[in-house]
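S.K.: Sharing a structure with you now.
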Amino acid sequence: MGTAKGRPRVSLRDRARYRFDRTLARSTGTLMGWLVITCLAVVLPVSTLLVWTDPGSPPSLSGRLTAAWRTSAETLRLGAADGTPLRLALSALLGLVALLCVSTLVGVITTGLAERMTELSRGRSTVLEHGHVVVLGWSDQVATVVSELVAAQAPHRPRAIVLLADQDKAEMERVLAARVPPAARARIICRSGPAGDPDVLALVSPRTAGTVLVLPSAEPAADAEVLRILLALRAVLGEGADGPPVLAAVRDDRYRAPARLAAGPHGTVLETDTVTARLIARCVGQSGLSHVLRDLLDFAGDEFHLADADTFANRSFGAALLSHPNSCVVGLLTPEGRTLLNPPAGTVVLPGSRLIVLARDDGSTRTDDCRHLVDRSVIVSAPSAQVGPARLLLLGWNRRAPLVVGQLLRTAVAGSVLDVVTDSAVPGPREPEREGVTPTGPYVRFRSAALSRPETLLGLDIGPYDGLVVLGPDRGDGPHRPDDWTLVTLLSLRLLAERTGHEVRVVTELTDDRNRLLAPVGTGSDVIVSGKLTGLLMAQIAHNRHLVPVFDELFSADGATVCLRPASAYIRPGAEASFATVVAAARDRGECAIGYRRCDVPAGLADQGIRLNPPKDERRVWSAGDHVVVVADPGTAKVPPVLPGRADTTAPDAIGAQRRDNQPVD
């Protein structure tokens, strides 16, 4: 119903509630007044009822009123004085003042604790550590770097690992909790804020840190942000200060020189895209190389260490190769600090030098003469089969693709062809095809095709190709993650191989290590997780600063590198021989053998049949399909390096058997 004027009738309850809300909204004093009135309205009647129902209460009315007042005052903490009304008023006033002071103190303490807890949850408090590892920035490599640093510190007293990134602290802790062993999380400290701000950077105490790592993010402007962080680090440390060693990573070669300048004299800068491109190019011709590099760089097995060389002073480097029964010697560190990786066997070991060895840990290396384990009768002395031109197919395009193409052409045999098929516009010039003309050097041809359509991939003719390279798109080029396109492409290639019966080795680049097990590739193919290998390399350098020149040469374009060679080039197929015999055969070829890969690998085996640093007295029957892992100089190695090709018709039967088994010919 409504009034005569059409306005709805408002109930008394609604009017009272409205007036009460308006009264509470006026001020804090009004709210306190209502609280006092509400308390008195409840406490006074209840106290009076308690006194009147108590058999032991005073019989007189004044006595009962006094008892009711005393009960109410004690309940409200207003004091318990009695007597004249003035005394009662003063007692109530004193109780109210005490209640106000206590309430204010509790409120101040509660507010301060809440603000402090909020500040701690945001990760904005100062870290008071000494000798800790500081990791600046957040990227795909952060979980790998932190996990490997934790693994490297496992035998020793762990140092704190402090992360600073412009991410939510709770989210960082959640990601690390899922990918870092639980026992090590107590020494991982996360701080939130832009690392390029000197005031925020000072929170992680870089002056007292043992090592500082700067990681590039996945954003397009990641390299510029790395430079900003390095400059902020210089501002915090001060000009000319003897600060901690700095290790940074950039993606673009144009930023490497400025980053090295900003990192200072104790800084090391990695160029991740170039390193990834070199690894992809090397894996094209060497099946299983990605597994070898992953085993070399993680801290779960054997790593590079320095060992004393006093026993071999004034002797040849070749003598040291067969004098370590449980480690593999790969180089020298001269007294002047110069690193010689895979030097000639006749190189004299000067007093004060140190050996670069592959061993379980620093203290496990021991010396003993192993020459009696060498069986010269099974060593192959004939030259290896020559490798002819190869044909490769590259599918996809990203920012690393030009570097991959350059590395493939750099290591290709004359007459080799690289076909590039992209899903967008042709990224480079077309090579004119002239019938009847054989190219004198390796060359590349570009094509455009709708690779996102499965029918395009299923229509490819992969028969003429010796190998395939699959590169996913850059992050941000589409609505999906880069690995999604790569996995779909690999599935299509797998289906194509089943339809045609022609298996082609595939080298695939992924961005997330969790997708590596999902990649549908054959046993002879390689999956390279660029962020994983970069993170492993950074963790190794951060833990072993003295081995920076070793890793720099291993991943350079012209220095000594890790290679997979056919075992038939060292040991007669079918013969039983010790690993010391393999080391001696590799020494004769100017190489350092550090392990092998079996060909009889069961499907799904985690280590892919790779065994690094086996004991020198380990004996096995070597088959034609086995491979030897060596550290060699690609420019002087007697076995043809890197890019696979079609073997000449004069190749031995063992080489032909490798081709039938879809193994590469090196």
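S.K.: Could you list all residues from the range 221-252 that are of a type outside the set (Asp, Glu), closer than 12 Å to LEU270 by Cα and not in a helix (DSSP H, G or I)? Steps first, please.
M.R.: Initial filter on the range 221-252 (of a type outside the set (Asp, Glu)): 221-222, 224, 226-238, 240-241, 243-251.
Adding the requirement that they be closer than 12 Å to LEU270 by Cα leaves 226, 246-251.
If the condition is that a residue be of a type outside the set (Asp, Glu), closer than 12 Å to LEU270 by Cα and not in a helix (DSSP H, G or I), then VAL246, LEU247, ALA248, ALA249, VAL250, ARG251 are the ones that fit.
S.K.: Turning to a different aspect of this structure: Answer with yes or no whether SER72 is in contact with a Leu (Cβ under 6 Å, 6 or more places away or on another chain), at pLDDT 65 or above and in a helix (DSSP H, G or I).
M.R.: Here the answer is yes, as SER72 does meet what is asked.
S.K.: Right, something else. Please verify whether VAL162 is at pLDDT 85 or above, under 18 Å from the mean Cα position of the chain (by Cα), crowded, with 17+ Cβ neighbours inside 10 Å and closer than 23 Å to ARG234 by Cβ, treating the condition exactly as stated.
M.R.: Numbers: at pLDDT 85 or above: yes; under 18 Å from the mean Cα position of the chain (by Cα): yes; crowded, with 17+ Cβ neighbours inside 10 Å: yes; closer than 23 Å to ARG234 by Cβ: yes.
The answer is yes for VAL162.
S.K.: Among the residues of the range 494-513, which ones are of a type in the set (Lys, Arg) and either farther than 23 Å from HIS291 by Cα or in a helix (DSSP H, G or I) (or both)? Lay out the reasoning, then the answer.
M.R.: The first filter runs over the range 494-513 and keeps only residues of a type in the set (Lys, Arg), leaving 494, 499, 505.
Answer for the range 494-513, where residues must be of a type in the set (Lys, Arg) and either farther than 23 Å from HIS291 by Cα or in a helix (DSSP H, G or I) (or both): ARG494, ARG499.
S.K.: Is at least one residue of the range 614-622 on the phi < 0 side of the Ramachandran plot, modelled with pLDDT of 90 or more and in contact with a Leu (Cβ under 7 Å, 6 or more places away or on another chain)?
M.R.: Within the range 614-622, one or more residues are on the phi < 0 side of the Ramachandran plot, modelled with pLDDT of 90 or more and in contact with a Leu (Cβ under 7 Å, 6 or more places away or on another chain).
S.K.: Ok, one more. What single numbered condition from (1) over 30 Å from LYS169 (Cα atoms); (2) of a type outside the set (Ser, Thr, Tyr); (3) at pLDDT 70 or above fails to hold for ALA80?
M.R.: (3)
S.K.: Follow-up question, since we're still on this one. Among residues belonging to the range 90-131 that are of a type in the set (D, E, K, R) and surrounded by 11 or more Cβ atoms within 10 Å (Cβ to Cβ), point out the one that is modelled with the highest pLDDT. Lay out the reasoning, then the answer.
M.R.: Of the range 90-131, the ones of a type in the set (D, E, K, R) are 115-116, 119, 122, 124, 129.
In the following step, the residues that additionally are surrounded by 11 or more Cβ atoms within 10 Å (Cβ to Cβ) were identified as 116, 119, 122, 124, 129.
Values: ARG116: 68, GLU119: 64, ARG122: 65, ARG124: 70, GLU129: 85.
Across the range 90-131, the extreme among qualifying residues is GLU129.
S.K.: Out of ALA542, ALA585, ALA560, ALA575, report the one residue that is in contact (Cβ under 8 Å) with a residue 60 or more places away in the chain and out of contact with any strand residue (DSSP E or B) (no Cβ under 6 Å at 6 or more places or on another chain).
M.R.: Numbers: ALA542 fails: out of contact with any strand residue (DSSP E or B) (no Cβ under 6 Å at 6 or more places or on another chain); ALA585 fails: out of contact with any strand residue (DSSP E or B) (no Cβ under 6 Å at 6 or more places or on another chain); ALA560 fails: out of contact with any strand residue (DSSP E or B) (no Cβ under 6 Å at 6 or more places or on another chain).
The conditions single out ALA575.
S.K.: Counting only residues that are out of contact with any Ser or Thr (no Cβ under 8 Å at 6 or more places or on another chain) and part of a loop (DSSP other than H, G, I, E, B), which one in the range 514-536 is farthest from GLY396 (Cα to Cα)?
M.R.: Filtering first and then ranking leaves THR523.
Conditions (1) assigned to a helix (DSSP H, G or I); (2) hydrophobic (A, V, I, L, M, F, W, C), marked per residue:
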{"site": "GLN540", "(1), (2)": "yes, no"}
{"site": "VAL548", "(1), (2)": "yes, yes"}
{"site": "ASP552", "(1), (2)": "yes, no"}
{"site": "SER556", "(1), (2)": "no, no"}
{"site": "GLY559", "(1), (2)": "no, no"}
{"site": "ARG565", "(1), (2)": "no, no"}
{"site": "PRO573", "(1), (2)": "no, no"}
{"site": "ALA577", "(1), (2)": "no, yes"}
{"site": "ALA584", "(1), (2)": "yes, yes"}
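S.K.: Condition first: surrounded by 14 or more Cβ atoms within 10 Å (Cβ to Cβ) and without any contact (Cβ under 8 Å) to a residue 60 or more places away in the chain. Now tell me which residues in the range 334-347 satisfy that. Even if it seems obvious, please write down each step before you answer.
M.R.: Let us first name the residues in the range 334-347 that are surrounded by 14 or more Cβ atoms within 10 Å (Cβ to Cβ), namely 334, 339-343, 345, 347.
Listed by number, the residues that qualify are THR334, LEU340, PRO343, THR347.
S.K.: Additional query: Counting only residues that are among the hydroxyl-bearing types (Ser, Thr, Tyr) and on the phi < 0 side of the Ramachandran plot, give me the helices (runs of 4 or more DSSP H) lying completely in the range 272-387 with at least 3 of them.
M.R.: Working: elements: 272-284, 289-297, 317-321.
Ranges flagged: 272-284.
S.K.: Restricting attention to the range 518-531, and to residues there that are under 13 Å from THR508 (Cβ atoms) and in contact (Cβ under 8 Å) with a residue 60 or more places away in the chain, which single residue is surrounded by the most Cβ atoms within 10 Å (Cβ to Cβ)? Give the steps one after another, and end with the answer.
M.R.: Taking the range 518-531 as the starting set, the residues that turn out to be under 13 Å from THR508 (Cβ atoms) are 518-522, 524-530.
With the extra rule that they be in contact (Cβ under 8 Å) with a residue 60 or more places away in the chain, the set shrinks to 522, 524-528, 530.
Numbers: GLY522: 15, GLY524: 18, SER525: 25, ASP526: 27, VAL527: 23, ILE528: 21, SER530: 23.
The extreme case among them is ASP526.
The values are calculated or read from the model by the stated rules, or taken from the named source; none is laboratory data. Nothing here was measured: the structure is a model prediction, and the numbers come from that model. Cβ: placed from backbone, ideal geometry, glycine included. Neighbour counts: every protein chain shown.
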